[in-house]
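**Student:** Pasting a structure here, questions to come.
The values are calculated or read from the model by the stated rules, or taken from the named source; none is laboratory data. As the structure is a prediction and not an experimental result, all values here were calculated from the model. Cβ coordinates were reconstructed from backbone atoms using ideal geometry, including for glycine residues, and neighbour counts include every protein chain displayed. Just the protein is used for accessible areas: all its heavy atoms, side chains included, with ligands, DNA and RNA removed. Shrake-Rupley method; radii C 1.70, N 1.55, O 1.52, S 1.80 Å.
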Amino acid sequence: MQKSLRGLEKFFWLYLLFNPILDIVNGLYIWMLTRGYGMEALNYRELTNGGGMTTTPALVVRMVVLLIMVIYVLMLRDKQAILTALPMGAAWAMSVLSEFLWTGTANISLDVTFFARFAYNVAVAMVYLNVFRNSELSKDRLIEKIHAYVNGMTIVFSLGILIPYVLGTGYSTYYDRFGARGVRGFYYSGNDITGALMILLPLAIAYFLFIPHRNFTKGRMLFYSLGPSMSIICLMLIGTKTALLAMVGEAAIMVVFALVMAVRGEREMLRRVVMLAIITVIVGFIFNGLSALLNGAGNSLFDKLGQSLDGIRDAAEEEGGSLISGRWNKLAATFADFKAAGPIAWLFGVGRGSQGHIIEMDLFDIGLMYGLFGFVTMTQMYIRYGVQFLMNMVRNFNVLVFGAFISLGITVGYLIVAGHILFTVTSGFFFAFVLVYARLLTTDKNRL
């Protein structure tokens, strides 16, 4: 039994790096499929809704991994995890029943797929909590290992955007009446890759500032600077309001932190910030030069950024500049259904299958589609872990804790206002992972 558990834990470590690759492969698959239809810019939802395909290879793989996660938790006999999962399952079942009572039918396929994504992310938190707890490494060595993986993930994610950018291929972030603009490589969901980079960037910057001076060799400096520098460039290339706000906000907050530490007499972090800024400029010029060499003028990083900013301005002038402007109508429509469905729906929700769309404001999606009971059972783990982190943060404060706080804080704000994190299997995965990592930073490893 113990040998099997250790084998599964090694698999979960490898799965961290496999995750970004899975998204790239999935994007390539959809890219080839839509090109095969002769519709390169086709919205994938149109293809799936038209009956061409109801799922993707990546989702199938992740559901298999979800099954492996469930087996791992059952093998551990983790009572807390089981007691978290069972009420969630009941919330889903009751939402389907509520949907049937209200509409006379239930879209089981849609109900299952949507909830499975949420369950997958909760399982991620349960699994990696146990992986960290059962690690034979000391807490300091475990944190170092985690950051080696975090940096590796940011590099792989970034290459999935930067290589297509250099080659002049892949998806544009937007393809609408304002034109094709922004670069997201072979990631089909621009919001998902933005969310993943947004979650990981503060951690990557924080560790670069944290590395003890005695260990800050040239090799480590290069390796741990590539993740954050490439992530910053990629968020600029993606070019959405969310990506640019996250990139500027997170980088600025970490710079302010380094300045405050310098005022207090600890100037090493400020030197690291300057060093990271220089490396980011160098890396940007390298990829910019390669793109210009292979694609000619008009494809520079600044050209792409200018096009994105022009598109944001044009959309703001026509539709209003709010980050959540397009979501208010969805929220209003779902809330109208919620009110009309009556007391059972207020308790258990209108069900995902009753809705032709999602709101993309996660807490409202949970509350309206799964009701009061669903909201309590489905968010309690996130709330409990988050509160525990905040309670322990002050007495365990350092730059790594601050980086985790910024990552989680910005993401929570995003998923309330305009985010689709908890129901996506990339950014949701990393949000759950960082939530558990934040607990590790502020808690004794054996008490996780």
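**Student:** Please specify each residue of the stretch 340-356 satisfying the condition of being open to solvent by 30 Å² or more (accessible area, probe 1.4 Å) and more than 17 Å from Val376 (Cα to Cα).
**Tutor:** Ala340, Ser354, Gly356
Residues checked against (1) touching a Lys or Arg at 6+ places or on another chain (Cβ under 8 Å); (2) at pLDDT below 90; (3) over 19 Å from Leu408 (Cβ atoms):
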site: Arg141; (1), (2), (3): no, no, yes
site: Gly152; (1), (2), (3): no, no, yes
site: Tyr171; (1), (2), (3): yes, yes, yes
site: Arg181; (1), (2), (3): yes, yes, yes
site: Leu201; (1), (2), (3): no, no, no
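**Student:** Which of the following residues is in contact with a Lys or Arg (Cβ under 7 Å, 6 or more places away or on another chain) and either open to solvent by 30 Å² or more (accessible area, probe 1.4 Å) or without any contact (Cβ under 8 Å) to a residue 60 or more places away in the chain (or both): Leu76, Leu67, Leu110? Outline the logic, then answer.
**Tutor:** Details: Leu76 fails: in contact with a Lys or Arg (Cβ under 7 Å, 6 or more places away or on another chain); Leu67 fails: in contact with a Lys or Arg (Cβ under 7 Å, 6 or more places away or on another chain).
It is Leu110.
**Student:** Considering only helices (runs of 4 or more DSSP H) fully contained in the stretch 226-338, which possess at least 1 residues that are at pLDDT below 80 and more than 27 Å from the chain's Cα centre (by Cα)?
**Tutor:** Per the criteria, 301-319.
**Student:** Could you grab me the full set of residues in the stretch 146-197 that are touching a residue at least 24 places away in the same chain (Cβ under 8 Å) and among the basic types (Lys, Arg)?
**Tutor:** Once the filter is applied, which keeps residues that are touching a residue at least 24 places away in the same chain (Cβ under 8 Å) and among the basic types (Lys, Arg), the stretch 146-197 yields Arg181, Arg184.
**Student:** Considering only residues that are of a type in the set (A, V, I, L, M) and surrounded by fewer than 22 Cβ atoms within 10 Å (Cβ to Cβ), which ones fall in the stretch 132-149? Walk me through it before giving the result.
**Tutor:** Initially, the stretch 132-149 is screened for residues of a type in the set (A, V, I, L, M), giving 137, 142-143, 146, 148.
If the condition is that a residue be of a type in the set (A, V, I, L, M) and surrounded by fewer than 22 Cβ atoms within 10 Å (Cβ to Cβ), then Leu137, Leu142, Ile143, Ala148 are the ones that fit.
**Student:** Do the conditions hold for Ser158, that is, is it part of a helix (DSSP H, G or I), within 25 Å of Ile312 (Cα to Cα), modelled with pLDDT of 95 or more and not hydrophobic (A, V, I, L, M, F, W, C)?
**Tutor:** Yes.
**Student:** Here's a follow-up. Take Ile155 and decide whether it is open to solvent by 10 Å² or more (accessible area, probe 1.4 Å) and over 17 Å from Glu9 (Cα atoms).
**Tutor:** yes
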